Amino acid sequence: MDLYLTARFLHILLAATWFGLTVSGRQKAIWFAREDLQKAARPEIYLRRASVVGSFVGLSTIASGLWLISLTGGFEAVPWTISAGFGLAIAIVLIGALLVGRGWDRLAKRRAAGGKQCELEAIATQIGRWDRVIQILWVLALATMVFRFAF
């Protein structure tokens, strides 16, 4: 099989998985905020698992994108829209790690400390807003890569 097609398939598969992890982020946070502590898994376990999976898939998507870029001759050889999409992917990683990840950490700590329901839901809503920003960036990144020759 052609190496370029293999890299492209892997990149699309990873990107779809990464995008799927952001879908319904606010709803997941609200459920987490409302979940009964006695019946729930410890927050640290959930957060560690989500962080590891999200980081692995996100960084793997970026790495496979770099692989594709290298197979096509480097950043000089690809349309500027691919570079823009790469920049958007970096922004997604940073927002996910710094804002969404910290929000989840804050939600888990406040929940474990017995925070009020309205406070927990406010934190969950803030997580949802940042997830929405990530989804908008995803749509822009997807558009720059799919329609790379249209601009």
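Computed from the coordinates by the stated procedures, all read-outs in this text should not be read as laboratory data. Because the structure is a prediction, the values reported are computed rather than measured. Neighbour counts run over all protein chains shown; Cβ positions are idealised from the backbone, glycine included.
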Exercise for the section: Evaluate the stretch 118-128: report whether one residue or more is within 19 Å of VAL57 (Cβ to Cβ) and surrounded by 13 or more Cβ atoms within 10 Å (Cβ to Cβ). Expected result: yes
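Would you be able to say whether some residue in the stretch 73-90 is within 15 Å of the chain's Cα centre (by Cα) and of a type in the set (Val, Ile, Thr)? Give the steps one after another, and end with the answer.
Filtering the stretch 73-90 down to residues within 15 Å of the chain's Cα centre (by Cα) leaves 85-90.
Filter once more, so that each one left must be of a type in the set (Val, Ile, Thr): 90.
Yes, some residue in the stretch 73-90 is within 15 Å of the chain's Cα centre (by Cα) and of a type in the set (Val, Ile, Thr).
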Exercise for the section: Can you run down the residue pairs with Cβ atoms below 7 Å, 6 or more apart or on separate chains, where the first is in the stretch 48-68 and over 21 Å from VAL100 (Cβ atoms) and the partner is of a type in the set (D, E, K, R) and surrounded by 15 or more Cβ atoms within 10 Å (Cβ to Cβ)? Expected result: LEU68/ARG8
Handout entry: Matching entry among ILE123, ILE127 (being over 16 Å from ALA89 (Cβ atoms) and over 13 Å from the mean Cα position of the chain (by Cα))
Key = ILE123
Practice task
Evaluate the stretch 57-76: report whether one residue or more is over 20 Å from PHE9 (Cα atoms) and of a type in the set (S, T, N, Q).
Solution key: no
Exercise for the section: Determine if the stretch 143-150 includes at least one residue that is farther than 27 Å from ARG34 by Cα and buried (at least 20 other Cβ atoms within 10 Å of the Cβ). Expected result: yes
Practice task
Pull up the stretch 7-26, narrow it to residues that are farther than 19 Å from GLY115 by Cβ and not hydrophobic (A, V, I, L, M, F, W, C), then point me to the one that is nearest to the chain's Cα centre (by Cα).
Solution key: THR22
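Here's the yes/no breakdown for (1) touching a residue at least 40 places away in the same chain (Cβ under 8 Å); (2) assigned to a helix (DSSP H, G or I); (3) over 13 Å from GLU35 (Cα atoms):
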| site | (1), (2), (3) |
| --- | --- |
| LEU99 | no, yes, yes |
| ARG102 | no, yes, yes |
| ALA108 | yes, yes, no |
| GLY114 | no, no, no |
| LEU120 | yes, yes, no |
| ILE123 | yes, yes, yes |
| ARG129 | yes, yes, yes |
| ARG132 | yes, yes, yes |
Fill in the blank from the handout: Residue pairs qualifying under the 8 Å Cβ cut-off, at least six apart or on distinct chains, with the first in the stretch 74-96 being within 13 Å of GLY58 (Cα to Cα) and the second being among the hydroxyl-bearing types (Ser, Thr, Tyr) and part of a helix (DSSP H, G or I), are LEU88/THR144; ALA89/THR61; GLY96/THR22
